[in-house]
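Here the structure is laid out as structure tokens; the discussion comes afterwards.
Nothing in this text is a laboratory measurement; each read-out follows from the coordinates by a stated rule. Everything numeric here is computed off the predicted structure, so don't read it as measured data. With ideal geometry, Cβ positions are generated from the backbone for all residues, glycine too; neighbour counts draw on all protein chains shown.
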Amino acid sequence: MIPDEVIEQVQSAADIVAIIGEHVKLKKVGSVFRGPCPFHQGTNANFSVVPRGGYHCFVCHEKGSVFTFVQKRLGMNFAEAVKYVGEKSGIEVREVQRKREGPDPREPLWEIMATASAWFRTTLWESDAGAQAREYLAKRKVSRETADKFGLGYAPHEIGLMRGYLSGLGFSDERLLDVGLLVKREEQDEPRPRFRDRLIFPILDAAAHTVGFGGRLLGPGEPKYLNSSESSVFSKGRLLYNYSSARHAIRRAERVVLVEGYFDVVRMVDAGLEEVVAPMGTALTDDQADLIARSATTVFLLYDSDAPGQKASFRSADVLLSRGVTVRMVTLPEGEDPDTFVQRHGGAAMEKLLDQALDVFDRKVQLLERGGWFADLQRKRRALDRLMPTIRATTDPITRDLYLARTAQAAGIERDVLVRELELLPRRARGRPAPPAPAPSLRPGGIAPRHSPELIVQVEHAPESSAERELLRVMILHPDLVDKVIEDVARVETDDTVETEEALEPVTGPTPVVRDPVYATIFAELSSGGDLSIEALAERLGPLENSVVEELRSEPGAVVDPARSISDAIRMLKARALRERIDEHAGMLRLAGEDEKNALLRKTEALRKELAAVGGRDWRSVRRLNT
């Protein structure tokens with residue numbers, strides 16, 4: 001039996017127009033292709049092919065998918081048809097047996113989402129409630145034609161409109177809760193819409209099923225953007241916005257342009273750049289990188305020009321390089337994002353920027369050179385620590401060799417020294433690690449969605465994270481102490497900030513104290529100054545983070561003395577920071593000349609004394625116990 005994911009991969013990669021066009025003379029009419037029907041041997045253009053869908057004859061009523069066409073036209077069974085289409089699409093299908101039997105269990109959920117999407121569109125254009133959203137689109141210079149191309153809609157502020165409409169069509173509250181269109185708080189008697197007073201962006205999977213929505217708030221409030229909750233059809237970390245529409249353009253262009261937001265995609269496509277996708281406000285995941293690598297050999301990172309945008313670019317680059325693709329980084333003028341740049345200067349100007357894009361590693365070295373990070377021994381060591389993970393992530397041997405040569409030239413170091421460094425086990429990065437791959441979402445309270453299998457979420461933590469964990473426990477159980485924890489953590493951070501032309505995350509800014517990716521996300525939300533109620537946190541956090549919060553809340557007696565818990569945790573984190581600086585000095589010794597080694601040894605000894613003063617032995621004991 002062919003696995004479902006293989007069937008979907010082949011179907012999403014297939015160019016149905018090209019495959020059917022080998023047997024039928026097709027001509028583009030609007031957004032579809034028309035020709036004579038090959039089944040009833042018609043002569044008029046009654047046979048229609050939809051690029052992202054299937055085919056249909058308006059005379060003999062033959063219809064189906066690309067697999068159905070191949071089966072009927074060439075006399076193949078389903079397995080042979082999948083293999084045939086796979087070969088046409090560059091995908092090898094192995095161990096082909098037979099089609100799965102019965103309908104896809106996700107079809108009822110796709111039906112709900114498609115129905116809701118149509119209602120959102122109607123509300124946007126045909127109701128008085130949608131006037132504000134129409135004005136907003138006009139202000140952003142998004143035409144009706146463009147909005148319809150992306151299926152944009154509007155979710156009104158009124159609580160009962162969508163629920164009443166869908167209930168009238170036979171969709172129960174339970175099913176609407178399953179797909180996240182409705183949410184219900186513990187203190188509420190009735191469920192409420194997840195999206196209210198928001199411009200709606202339908203999110204499609206690779207096979208063009210509507211599986212979720214992104215909502216842009218039109219008035220004041222937070223969060224500005226809100227996505228559907230995780231469900232059996234929607235997993236944000238496995239989807240790319242606009243991928244189903246862009247995949248054929250990506251294959252033709254042999255490139256993909258990766259942007260950050262919905263409006264960036266809309267504006268770029270409207271300007272004629274069709275091979276554009278977005279990860280929907282998340283750090284690029286392994287699943288998303290795999291999807292990109294299957295479609296293109298070159299990725300252009302076109303994130304915002306501010307420091308967070310550049311940081312996101314470099315994080316995404318390492319994930320993509322590990323898939324063997326070429327990664328180029330586009331530099332926008334200061335203060336611009338793809339949406340504003342294309343709106344002001346047009347698609348041709350954007351193409352020029354793409355032509356000028358640098359290899360992402362060259363861009364990283366360029367920023368380090370501008371910041372003076374190769375000028376002295378200590379900064380050089382830190383710069384190399386930030387470049388080496390990118391070299392390690394690069395799987396293409398030629399690209400890796402070029403990166404080594406570029407680093408050796410920039411740092412003035414023998415290439416053999418860098419090769420030996422690569423052979424060492426990667427040390428724990430000083431910066432915040434990349435987020436883990438997403439898991440199916442849990443509702444507030446750790447409850448799995450109804451259509452999901454029973455979930456067991458396990459978060460892997462380094463032994464040192466116990467101190468971080470205790471700080472979070474205090475912040476969650478004693479919100480009045482949140483400010484104190486924030487202040488104490490800030491004192492532990494070592495500030496490496498220097499004045500540079502542009503921000504580069506791996507070498508500027510304070511070294512984070514909270515390193516574990518799940519803990520760091522929770523800490524950031526607790527430190528944001530927003531609502532600290534469990535319900536509000538659950539809305540802002542992901543599935544793993546919510547499961548950790550619930551676990552910490554389940555042991556209220558674990559904090560006997562909050563002040564002592566804070567001081568002990570801070571002491572251990574300070575000791576960890578000192579040990580890392582000692583390790584850093586040891587690494588610098590390998591690069592130092594004779595006249596520099598004595599100074600480094602003196603600094604190392606001073607750090608050891610400081611470590612002993614904060615309880616270095618106690619820290620080692622804690623590590624052994626946790627291990």
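Worth a mention:
- A dipole drawn for segment 4-88 from +1 and -1 charges on Cβ atoms has a positive end, and of I16, V70, H56 the residue lying farthest that way is H56.
- Put a plus charge on the Cβ of each Lys and Arg, a minus charge on the Cβ of each Asp and Glu, and nothing anywhere else: the dipole of the chain about its Cα centre is then about 1160 debye.
- In terms of Cα atoms, the Rg and Dmax of segment 1-126 work out to 16.3, 51 Å.
- Using the Cβ of D197 as centre and a radius below 15 Å, the other residues enclosed give a net charge of +3, where K and R count +1 and D and E count -1.
- Nearest 10 degrees, 0 to 90: helix 482-492 Cα axis against the chain principal axis: 60
- C-alpha center-to-center spacing [segment 364-405, segment 561-581] in angstrom: 31
- Options G180, S231, I250, ranked by Cα towards positive dipole end of segment 160-302, top entry (Cβ charges): I250
- Cβ crowding within 10 Å averaged over residues, with 466-478, 155-167 ranked highest first: 466-478, 155-167
- Summing Lys and Arg as +1 and Asp and Glu as -1 over all other residues whose Cβ lies under 15 Å from the Cβ of H56 gives a net charge of +4.
- Distance between the 7 Å Cα→Cβ label points at Q132 and K27: 4.8 nm.
- Only Lys, Arg (+1) and Asp, Glu (-1) charged, at Cβ; segment 107-234 dipole about Cα centre in debye: 680
- Direction-averaged projected area, Cα convex hull, segment 107-234: 8.1 nm², rounded to one decimal.
- Cα gyration tensor, segment 243-356 - rounded (a/c under 1.5), prolate or oblate: oblate
- To the nearest ten degrees, helix 360-370 and the longest principal axis of the Cα atoms of the chain are 40 degrees apart.
- 5 angstrom amide H check on G54, placed H, neighbours 5+ away: none
- Three-way shape label, segment 239-293, alpha-carbon gyration tensor, a/c 1.5: oblate
- Electrostatic tally near D376: other residues with Cβ closer than 11 Å to its Cβ, Lys and Arg +1, Asp and Glu -1, net +3.
- The chain: relative contact order in percent, alpha carbon pairs under 8 Å with at least 6 residues between: 8
- (i) 90, 61, 52; (ii) 82, 65, 42; (iii) 75, 62, 39, with the label sought being that of the calculated Cα extents along the principal axes in Å: (i)
- Rg and Dmax, both from the Cα atoms of segment 522-612 and both in Å, are 20.3, 59.
- Ranked list, fewest to most other Cβ atoms within 10 Å of each Cβ, for E414, E8: E414, E8
- Amide hydrogen proximity for F213: with H placed 1.01 Å from N in the peptide plane, the residues at 5 or more positions away or on another chain lying under 5 Å are I203, S228.
- In sequence order, calculated HN-Hα J values of segment 285-292 (Karplus, 6.51, -1.76, 1.60; Hz; x Gly/Pro): 9, 4, 5, 5, 5, 4, 4, 5
- Along segment 346-355 the Karplus relation, 6.51 cos²θ - 1.76 cosθ + 1.60 evaluated at θ = phi - 60°, assigns HN-Hα couplings of x, x, 5, 5, 5, 4, 5, 5, 4, 5 Hz to successive residues, with x for each Gly and Pro.
- Entries in K25/K72; K574/K609; K364/K609 that, when Cα-Cα distance is taken, lie over 25 Å: K364/K609
- Sequence of E107, E260 once ranked by neighbouring C-beta atoms within 10 Å, starting from the fewest: E107, E260
- Only helices enter the 222 nm calculation for the chain: every DSSP H run of n ≥ 4 contributes -39,500 (n - 2.57), and dividing by all residues gives -15000 deg cm²/dmol, rounded to 500.
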